[in-house]
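Here's the structure, in structure tokens; my notes come after.
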Amino acid sequence: QVQLVESGGGLVQPGGSLRLSCTASRNIFSFNVMGWYRQAPGKERELVGRITGGGFTNYADSVKGRFTISRDNAKNTLYLQMNSLKVEDTAVYYCNALNNGINYWGQGTQVTVSS
């Protein structure tokens, strides 16, 4: 069993930045893939981006060039650096980990982009 705890959400103005963190209850070195998803009100949950154990990343077109995913295996933590935030980035952001065919989810953290 793996617990994932997100932090770092909040209210930010358009054009601002936030960094989300996701800390796992165990070592993440062996996790196949970790990623971030988001869900806006009335919409389905969508992939923001993900990173493999080897460090390869891919992102949704809507966030390419603005968001960066990274992982610190020593701290058991996944990060999402979000720059040039837009109103349409407002959503609950969820951390996800895939390990041995099992998907684990965090509880989510709210990101609100508003002036």
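Would you mind stating whether Trp105 is closer than 23 Å to Val2 by Cβ and either open to solvent by 70 Å² or more (accessible area, probe 1.4 Å) or basic (Lys, Arg) (or both)? Working first, answer last.
Details: closer than 23 Å to Val2 by Cβ: yes; either open to solvent by 70 Å² or more (accessible area, probe 1.4 Å) or basic (Lys, Arg) (or both): yes.
Criteria met by Trp105.
Taking region 62-96 on its own, how many of its residues are over 20 Å from Pro41 (Cα atoms) and not polar (S, T, N, Q)?
12
Quick one: in region 50-85, which of the residues that are among the polar types (S, T, N, Q) and surrounded by 16 or more Cβ atoms within 10 Å (Cβ to Cβ) is modelled with the highest pLDDT?
If we filter region 50-85 for residues that are among the polar types (S, T, N, Q), which is where we start, we get 52, 57-58, 62, 68, 70, 73, 76-77, 81, 83-84.
Retained after the next criterion (residues that are surrounded by 16 or more Cβ atoms within 10 Å (Cβ to Cβ)): 68, 76-77.
Working: Thr68: 98, Asn76: 94, Thr77: 95.
Among those that are among the polar types (S, T, N, Q) and surrounded by 16 or more Cβ atoms within 10 Å (Cβ to Cβ), it is Thr68.
Would you point out the residue of region 1-13, among those that are under 20 Å from Ser84 (Cβ atoms) and in contact with a strand residue (DSSP E or B) (Cβ under 6 Å, 6 or more places away or on another chain), that is least open to solvent (accessible area, probe 1.4 Å)? If you could, list the steps in order and put the result at the bottom.
Within region 1-13, the first condition is being under 20 Å from Ser84 (Cβ atoms), and the residues that meet it are 8-13.
Of the ones still in play, those that are also in contact with a strand residue (DSSP E or B) (Cβ under 6 Å, 6 or more places away or on another chain) are 8-9, 11-12.
Working: Gly8: 36, Gly9: 35, Leu11: 131, Val12: 19 Å².
If we take residues in region 1-13 being under 20 Å from Ser84 (Cβ atoms) and in contact with a strand residue (DSSP E or B) (Cβ under 6 Å, 6 or more places away or on another chain), then Val12 is least open to solvent (accessible area, probe 1.4 Å).
Among the residues of region 20-36 satisfying the criterion of being part of a strand (DSSP E or B) and surrounded by 21 or more Cβ atoms within 10 Å (Cβ to Cβ), which is farthest from the chain's Cα centre (by Cα)? Before you say what the answer is, go through the steps one by one.
Looking only at region 20-36, we keep the residues that are part of a strand (DSSP E or B), and these are 20-24, 33-36.
Now drop any that are not surrounded by 21 or more Cβ atoms within 10 Å (Cβ to Cβ), which leaves 20, 22, 24, 34-36.
Working: Leu20: 7, Cys22: 7, Ala24: 13, Met34: 8, Gly35: 6, Trp36: 3 Å.
Of everything passing the filter in region 20-36, Ala24 is farthest from the chain's Cα centre (by Cα).
So which residues in region 49-83 are in contact (Cβ under 8 Å) with a residue 24 or more places away in the chain and either hydroxyl-bearing (Ser, Thr, Tyr) or in a helix (DSSP H, G or I) (or both), if there are any at all?
Within region 49-83, Ser62, Asn73, Lys75, Thr77, Tyr79 qualify.
Name the residues in region 86-102 that are outside any loop (DSSP other than H, G, I, E, B) and either of a type in the set (D, E, K, R) or open to solvent by 80 Å² or more (accessible area, probe 1.4 Å) (or both), would you?
Going through region 86-102, the residues outside any loop (DSSP other than H, G, I, E, B) turn out to be 87-89, 91-99, 102.
Result: Val87, Glu88, Asp89, Ile102.
The values are calculated or read from the model by the stated rules, or taken from the named source; none is laboratory data. Please read all numbers here as calculations on a predicted model, not as lab measurements. Please note: Cβ atoms are built from the backbone with ideal geometry, for glycine as well, and neighbour counts cover all protein chains shown. Heavy atoms of the whole protein, side chains included, go into the accessibility calculation; ligands, DNA and RNA do not. Shrake-Rupley method; radii C 1.70, N 1.55, O 1.52, S 1.80 Å.
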